[in-house]
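Asks: First the structure, then my questions, so here it is.
Since every read-out is calculated from the coordinates, none of them should be taken as a lab result. Since we're looking at a predicted model, the values are computed, not measured. Please note: Cβ atoms are built from the backbone with ideal geometry, for glycine as well, and neighbour counts cover all protein chains shown.
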Amino acid sequence: MEFLHTLPNNLIVYVVVAHLLFGIGLHGMMFRRTLIGILISLELLIQGVGINVMAFGTFLHVDPLAARVMTLFLLGIGAAEAALFLGIAVAVFRNNQTISINKLTDLRG
């Protein structure tokens, strides 16, 4: 039972969760066929990186404030990326009436 009390203070737990999020996001980026699925997978990738930065900055760095600021920047980049990507998805849907990647052949050069 002692293990459960020290679990939140263990770096390995945070690294495993971050790698799981990153792996699920990477799998989704490779195998999803809709723009919304790819957006969700990209958000999982960014959140996995954010957890990793926060964990290593908190546990291994002298000043954990720098890691927290970097994570806030990552969250801001993720929000801006989501807004931009959703705008692109709406524009693609208006022009092609689909958001499936397989059916979007007009975008090829």
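Asks: Rounded to the nearest 500 deg cm²/dmol, what is the calculated helix-only ellipticity per residue at 222 nm for the chain, with -39500 (n - 2.57) per DSSP H run of length n ≥ 4?
Replies: Helices in the chain give a 222 nm mean residue ellipticity of -27000 deg cm²/dmol.
Asks: Still on this structure, I have one more. Tell me which label goes with the value of Rg and Dmax of the Cα atoms in Å computed from the coordinates here: [x] 12.7, 36; [y] 18.9, 57; [z] 18.0, 60.
Replies: Checking each listed value against the structure points to [z].
Asks: Which whole-Hz couplings ³J(HN,Hα) result when phi for each residue of the stretch 79-90 is put into the Karplus expression 6.51 cos²θ - 1.76 cosθ + 1.60, θ = phi - 60°, listed in order with x for Gly and Pro?
Replies: 5, 5, 5, 5, 5, 5, 5, 5, x, 5, 5, 5
Asks: A follow-up question, please. Take each of the peptides 33-39, 43-49, average the number of other beta-carbon atoms within 10 Å over its residues, and list them starting from the highest.
Replies: Put in order of decreasing packing, that is 43-49, 33-39.
Asks: Still on this structure, I have one more. Counting only residues 5 or more places away or on other chains, whose amide H sits under 5 Å from the amide H of residue 34 once H atoms are built in the peptide plane?
Replies: Amide H neighbours of residue 34, under 5 Å, 5+ apart: 101.
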